[in-house]
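Have a look at the structure below before the remarks.
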Amino acid sequence: WDNADFSRGVGTTFYQEFSTLNTAKPPFIRDVEAKVRRYLRSSYSAAWTLKITWEKAPVYAARTDTRKTITYQAVLTTDGFRSYILVLYQDGGMQWDYTRLTSTNVLIGYT
């Protein structure tokens, strides 16, 4: 397990909410819908989506090193009945040095 550490003023977190039940859908939402449809092979039309971005997040503990950062997103989306999450990482995947961890069975994602 590893955490982002914003205590040194490096990196930021922001979010954007999209309520698309009765409105035109921006390109980002159409892309989310396409990913859900492709990965799950089902029809899907988003009613609400939340995009959370961690930009240039340094690994815990930032007090020792703020050079290795990562930008990643969690996209939560629902049609009112089914809910999904997409976890997206910058090109090149996770940039934190996992070899410093005590555990060697490292996974990217959530449970």
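Structural remarks
- Every pair of residues 6+ apart whose Cβ atoms lie under 9 Å, when the first sits in region 40-55 and is under 25 Å from residue 93 (Cα atoms) while the second is surrounded by 14 or more Cβ atoms within 10 Å (Cβ to Cβ) and among the small types (Gly, Ala, Ser): 50/74; 51/74; 52/74; 53/74; 54/4; 54/11; 54/74; 55/11
- Residue 64 at pLDDT below 80 and β-branched (Val, Ile, Thr): yes
- Top-ranked residue of region 4-26 - restricted to ones that are at pLDDT 90 or above and over 27 Å from residue 95 (Cβ atoms), ranked as surrounded by the most Cβ atoms within 10 Å (Cβ to Cβ): 18
- Test result for residue 58, open to solvent by less than 60 Å² (accessible area, probe 1.4 Å), in contact with a strand residue (DSSP E or B) (Cβ under 6 Å, 6 or more places away or on another chain) and either modelled with pLDDT under 95 or of a type outside the set (Phe, Trp, Tyr) (or both): yes
The values are calculated or read from the model by the stated rules, or taken from the named source; none is laboratory data. Computed from a predicted model, the values in this text were never measured in an experiment. Backbone-built Cβ (ideal geometry, glycine too); neighbour counts: all protein chains shown. Accessible surface areas use protein heavy atoms only, side chains included; no ligands, DNA or RNA. Shrake-Rupley method; radii C 1.70, N 1.55, O 1.52, S 1.80 Å.
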